[in-house]
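The values are calculated or read from the model by the stated rules, or taken from the named source; none is laboratory data. Not measured: the values here are computed from a predicted model. Positions of Cβ are backbone-derived with ideal geometry, glycine not excepted, and every protein chain shown enters the neighbour counts. Keep in mind that these areas ignore ligands, DNA and RNA; they rest on the heavy atoms of the full protein, side chains included. Shrake-Rupley method; radii C 1.70, N 1.55, O 1.52, S 1.80 Å.
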Amino acid sequence: MSAYLITSVSVVGGPPTDLLIRDGLVAEVGPGLSAPDATVVDGTGLVALPGLVDLHTHLREPGREDAETVESGSRAAAMGGYTAVCAMANTSPVADTAGVVEQVWRLGREAGLVDVQPIGAVTVGLAGERLAELGAMADSAARVRIFSDDGHCVADPKLMRRALEYVKAFDGIIAQHAEEPRLTEGAQMHEGEVSTRLGLIGWPAVAEEAIIARDVLLTEHVGSRLHVCHVSTAGSVEVLRQAKARGVRVTAEVTPHHLLLTDERAETYDPVFKVNPPLRTAADIAALRAALADGVIDVIATDHAPHAVEDKECEWAYARPGMLGLETALSIALDVLGPEWDLIAERMSRTPARIAGLTGHGVDPAPGVPANLTVVDPAARRTIEPAELASRSRNTPYARMTLPGRIVATFLRGEPTVLDGKAVK
Ligand SMILES: [Zn+2]
C-alpha cells in the first residue's frame, strides 16, 4: 500500500496542517510531518473533508447501461468528492431481491471507486402492490438497510405502514418519494404562476406535503424510521419541523438543484430542467436553505439521474425527469452555503453516513480513521462542460455555468480515486 502526505491543508476549515495517509488509514495529522516514502500533495489553500456520502444516486445498472453503469457512476461520484453512494432500486430488473442488490453491490466492489451501498425496493417491481423481500435483502451480502420505491411513491397507506413495521425489526429505514399520485396525474412542472402562464399541467406542492404528513404520522404510530427523499417545498419543511419537534424518527434530504434553480427554468422548454419533484419557487428555495442550516433538513443528496440522449433531448412532455448531480453537488453547496465547511461536512458526509450506517465514512480525518476523504480547492472556479463529465450521460442543468470549487483529490481507504483533479482509473 502507498503513502500520501498532504501538506498545509485545512482540515474541515481549520488552520493549515499536514496529513499523512498510510496503509488505508489517516496515520498522522499535525504540522511539519515528514515521510520520505510518501507521495506529496501540496495542500496549500485546499480543504480536506471527510469523503462525501450520497444517500440518493441512480446508477442505472442493471438495465440502462447506455445512461450509466455502476463503474461510470462511481467515477462521477469520485470526481465529485464522494467515497460512498447509495444506489436507488429503480433499475431493470428492479432491485427488489437479494440477487439484484448483491449484483449491484458486487459491481460496486469491482469498480472500486466508491463504496456502493444498494437501496432495496419497498414493493415488488416498484408496483406498490405487495412488499418485496425486505428481510432477504437485509440478510444478503449487500446488507440493505434503506428501502425505497424512489421514482414512485409508496402511495397505499396500509402498505407503507407494513413496510415501516417490517424494517423496524432491524432498524431499517423507508425512504419515501413523497408524491400523492392522484394529485400529480399528467403533471409537467411545479403548479403555480409559471405553469399557468405556460399552460402546462402542474405538480402541486400539496401532493408532496400530504404524503410527508401522512408518513410522519404513520412512522410515529409504528415507532419506526422514515427518510424523506428530495424535499422541495416550504410546506414540507414545516411538516418536518413539527414532526421532529415531537421526536418522530424522520430524516430528510434536499437536492442541490432544489437549492438553486426555480420553476422559471421551464420557460426555456429545455427538458434538462425537467425533474421530479419539479423545480419550485424562490420562496421554496429560501425555506429549504434555512431548513438545511437549522437541521430540519439533515442532508444534501444528489438524486443523480443520468438519462440517455433520446430520453432527454426531445419535447418537454416526453422527456424523462431527472438531472445529473454527483460531479457538481459540492460546487452548488459552496455556492449556496458559502465556505461553511463544518456545515458542508455535516450535511454531505457525517449525517448521510450515519443515516445509511456506513461505518468508516463520514468521519473527519484524524489519526487511525479510515482514509476516506476528499480535498477541495475552494478558490477554483470552473465552467461546466457536459462533454467533460465522467458520467456516461450529459443531462447537467449547469452546462456552461461557472461554479465555485473543484475536487483536487479523493481517497478511498487510502488509495486515490482522483488526483490532480483527474480520475486515477
Ligand atoms: Zn424520487
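The set of residues from the range 161-183 being part of a loop (DSSP other than H, G, I, E, B) and open to solvent by 10 Å² or more (accessible area, probe 1.4 Å) comprises ALA169, PHE170, ASP171, GLU179, GLU180. Looking across the range 95-122, the residues that are out of contact with any Asp or Glu (no Cβ under 9 Å at 6 or more places or on another chain) and either over 30 Å from THR410 (Cα atoms) or open to solvent by 20 Å² or more (accessible area, probe 1.4 Å) (or both) come down to GLY99, GLU102, TRP105, ARG106, ASP115, GLN117. Out of curiosity, is GLU71 more than 16 Å from the ligand (Cβ to nearest atom), open to solvent by 40 Å² or more (accessible area, probe 1.4 Å) and under 19 Å from MET137 (Cα atoms)? Here the answer is no, as GLU71 does not meet what is asked.
Here GLY186 meets the list (1) open to solvent by 30 Å² or more (accessible area, probe 1.4 Å); (2) within 16 Å of the ligand (Cβ to nearest atom); (3) small (Gly, Ala, Ser) almost entirely, failing just condition (2). Of the numbered criteria (1) within 16 Å of the ligand (Cβ to nearest atom); (2) at negative phi, the one ASP303 fails is (2). For the range 381-415, the set of residues classified as over 21 Å from the mean Cα position of the chain (by Cα) and open to solvent by less than 20 Å² (accessible area, probe 1.4 Å) consists of GLY414 only.
So is ALA293 without any contact (Cβ under 8 Å) to a residue 60 or more places away in the chain, in contact with a Leu (Cβ under 8 Å, 6 or more places away or on another chain) and open to solvent by 20 Å² or more (accessible area, probe 1.4 Å) or not? So ALA293 fits the description; yes. Pull out all pairs, ordered by first then second residue, where Cβ-Cβ is under 8 Å, the residues are six or more apart or on different chains, the first lies in the range 91-114 and is in contact (Cβ under 8 Å) with a residue 24 or more places away in the chain and of a type in the set (S, T, N, Q), and the second is in a helix (DSSP H, G or I) and open to solvent by less than 40 Å² (accessible area, probe 1.4 Å). Every condition considered, the pairs that remain are THR91/VAL100; THR91/VAL104; THR97/MET137.
Which of the residues belonging to the range 364-380 are part of a loop (DSSP other than H, G, I, E, B) and surrounded by 19 or more Cβ atoms within 10 Å (Cβ to Cβ)? Of everything in the range 364-380, those that are part of a loop (DSSP other than H, G, I, E, B) and surrounded by 19 or more Cβ atoms within 10 Å (Cβ to Cβ) turn out to be PRO365, ALA371, ASN372.
Only residues that are surrounded by 16 or more Cβ atoms within 10 Å (Cβ to Cβ) and either on the phi > 0 side of the Ramachandran plot or in a loop (DSSP other than H, G, I, E, B) (or both) were counted across the range 12-53, and they come to 9. Residue count for the range 119-154 satisfying the condition of being within 16 Å of the ligand (Cβ to nearest atom), of a type outside the set (S, T, N, Q) and not in a loop (DSSP other than H, G, I, E, B): 4. Being open to solvent by 50 Å² or more (accessible area, probe 1.4 Å) and of a type outside the set (D, E, K, R) is a property that does not hold for ALA353. For ALA76, the criteria (1) crowded, with 24+ Cβ neighbours inside 10 Å; (2) within 16 Å of the ligand (Cβ to nearest atom) hold in every case but one, which is (2). Would you be able to say whether some residue in the range 85-93 is within 16 Å of the ligand (Cβ to nearest atom), farther than 22 Å from ALA163 by Cα and crowded, with 24+ Cβ neighbours inside 10 Å? Yes. Any residue in the range 138-150 that is within 26 Å of ILE300 (Cβ to Cβ), open to solvent by 20 Å² or more (accessible area, probe 1.4 Å) and out of contact with any Lys or Arg (no Cβ under 7 Å at 6 or more places or on another chain)? Yes. Within the range 327-345, residues that are open to solvent by less than 10 Å² (accessible area, probe 1.4 Å) reach partners that are of a type in the set (Lys, Arg) with beta carbons closer than 8 Å, at six or more positions or on different chains, in the pairs SER331/ARG382; SER331/ARG406; ALA333/ARG347. Only a single criterion out of (1) in contact with a Ser or Thr (Cβ under 9 Å, 6 or more places away or on another chain); (2) of a type in the set (Val, Ile, Thr); (3) open to solvent by 30 Å² or more (accessible area, probe 1.4 Å) is not satisfied by THR359, namely (1). Looking only at residues that are in a loop (DSSP other than H, G, I, E, B), open to solvent by less than 20 Å² (accessible area, probe 1.4 Å) and within 16 Å of the ligand (Cβ to nearest atom) in the range 56-66, which one is farthest from VAL299 (Cα to Cα)? For the range 56-66, the residue satisfying everything is LEU59.
Tell me yes or no: at least one residue of the range 214-223 is surrounded by 24 or more Cβ atoms within 10 Å (Cβ to Cβ), under 20 Å from GLY128 (Cα atoms), acidic (Asp, Glu) and without any contact (Cβ under 8 Å) to a residue 60 or more places away in the chain. Yes - at least one qualifying residue is present in the range 214-223.
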